[in-house]
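Colleague: Pasting a structure below so you can have a look.
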Amino acid sequence: MNLYGVWSIYRYELGRTLRTLFQSIASPVISTSLYFVVFGAAIGSQMTAIDGVSYGAFIIPGLIMMTLMAESISNASFGIYMPKFSGTIYEILSAPVSPLEIVIGYVGAAATKSIVLGFIIMLTARLFVDYSIAHPFVMLGFLILTSLTFSLMGFIIGVWADGFEKLQIVPLMIVTPLAFLGGSFYSISMLPPVWQTITLFNPVVYLISGFRWSFYGVSDVAVGVSLGMIALFMLMCLATIGWIFKTGYKVKV
């Protein structure tokens, strides 16, 4: 494996984050902090506990996961789209780096930024809401797996998009609504039985439920099922990326 090539891509993408620090880090942290203030400190103080957890603390895993998914997609999609837009993608493809090494460089950098952002949001949440982490290693595992999986999804979107507006279609029109309907602000057990069944078809439910279990030991679905869903989605993304490089879809035209 060409580790120098992987490191070059990885380092460049992380350097872009430092050059756009407010947009990459400060903006999502401030936006999520507003949720903590409004839903956690203000509205949460007037609501009863859910599964023995105060409402302000209950929504923290959902908000972290929602931000993590959106930022992972955004970082990875923009990272691979810009070389396509500027035409430098052909220099990367002609360099002595394999498709696997290209993916590791771009996806690894995007996932790293998302993981760091997740920890910053967790630290920021301490300023507004008191919470605990019952299973820190499981929490870290969910954080890493979710960042990697949605960074892979973002890489696919970046290859597919042929304009800046398309980079935002999937995060805004699909991922964000699924996150809001996936139990970020409530437990699906609070829904009528019919809607509970319908909600289980939302893949984000499994991510948020498993991540919440790592904090408080409560979840809407079994943790093993949550991990299985993440693994399945990751394999689907890897298979799609493999097909992209095998056929040259929108990267070798």
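Colleague: Could you list, in sequence order, the residues of region 27-52 that are within 20 Å of the chain's Cα centre (by Cα) and either in a loop (DSSP other than H, G, I, E, B) or at pLDDT below 80 (or both)?
Modeller: The one that is within 20 Å of the chain's Cα centre (by Cα) and either in a loop (DSSP other than H, G, I, E, B) or at pLDDT below 80 (or both): PHE36.
Colleague: Find all pairs meeting these conditions: Cβ atoms under 6 angstrom apart; at least six residues apart or on different chains; first residue within region 1-18 and touching a residue at least 24 places away in the same chain (Cβ under 8 Å); second residue hydrophobic (A, V, I, L, M, F, W, C) and crowded, with 18+ Cβ neighbours inside 10 Å.
Modeller: Sorted first by the residue in region 1-18, then by its partner, the pairs are ASN2/VAL97; GLY5/VAL97; VAL6/ILE104; TYR10/ALA109; GLU13/ALA109; LEU14/ALA109.
Colleague: So, in region 130-154, exactly how many residues are crowded, with 16+ Cβ neighbours inside 10 Å and closer than 17 Å to LEU232 by Cα?
Modeller: 13
Colleague: Turning to a different aspect of this structure: Within region 208-222, take every residue that is touching a Phe, Trp or Tyr at 6+ places or on another chain (Cβ under 8 Å) and assigned to a helix (DSSP H, G or I) and give me the one that is surrounded by the fewest Cβ atoms within 10 Å (Cβ to Cβ).
Modeller: TYR216
To keep it simple, each residue is scored yes or no on (1) part of a helix (DSSP H, G or I); (2) over 20 Å from the mean Cα position of the chain (by Cα).
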{"residue": "ARG11", "(1), (2)": "yes, yes"}
{"residue": "LEU18", "(1), (2)": "yes, no"}
{"residue": "GLN23", "(1), (2)": "yes, no"}
{"residue": "ILE59", "(1), (2)": "yes, no"}
{"residue": "MET69", "(1), (2)": "yes, no"}
{"residue": "GLY79", "(1), (2)": "yes, no"}
{"residue": "PHE85", "(1), (2)": "yes, yes"}
{"residue": "TYR90", "(1), (2)": "yes, yes"}
{"residue": "VAL97", "(1), (2)": "no, yes"}
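Colleague: While we're here: If I filter region 71-92 for residues that are closer than 20 Å to MET229 by Cβ and out of contact with any helix residue (DSSP H, G or I) (no Cβ under 6 Å at 6 or more places or on another chain), do I get at least one hit?
Modeller: no
Colleague: Further question: For region 223-233, state whether one or more residues are part of a helix (DSSP H, G or I), in contact with a Gly (Cβ under 8 Å, 6 or more places away or on another chain) and of a type outside the set (A, V, I, L, M, F, W, C).
Modeller: yes
Colleague: In region 51-106, what residues are without any contact (Cβ under 8 Å) to a residue 40 or more places away in the chain and not hydrophobic (A, V, I, L, M, F, W, C)?
Modeller: TYR55, PRO83, SER86, GLY87, THR88, TYR90, GLU91, SER94
The values are calculated or read from the model by the stated rules, or taken from the named source; none is laboratory data. These numbers come from a predicted model, not from an experiment. No Cβ is skipped: glycine too gets one built from the backbone with ideal geometry, and neighbour counts run over all protein chains shown.
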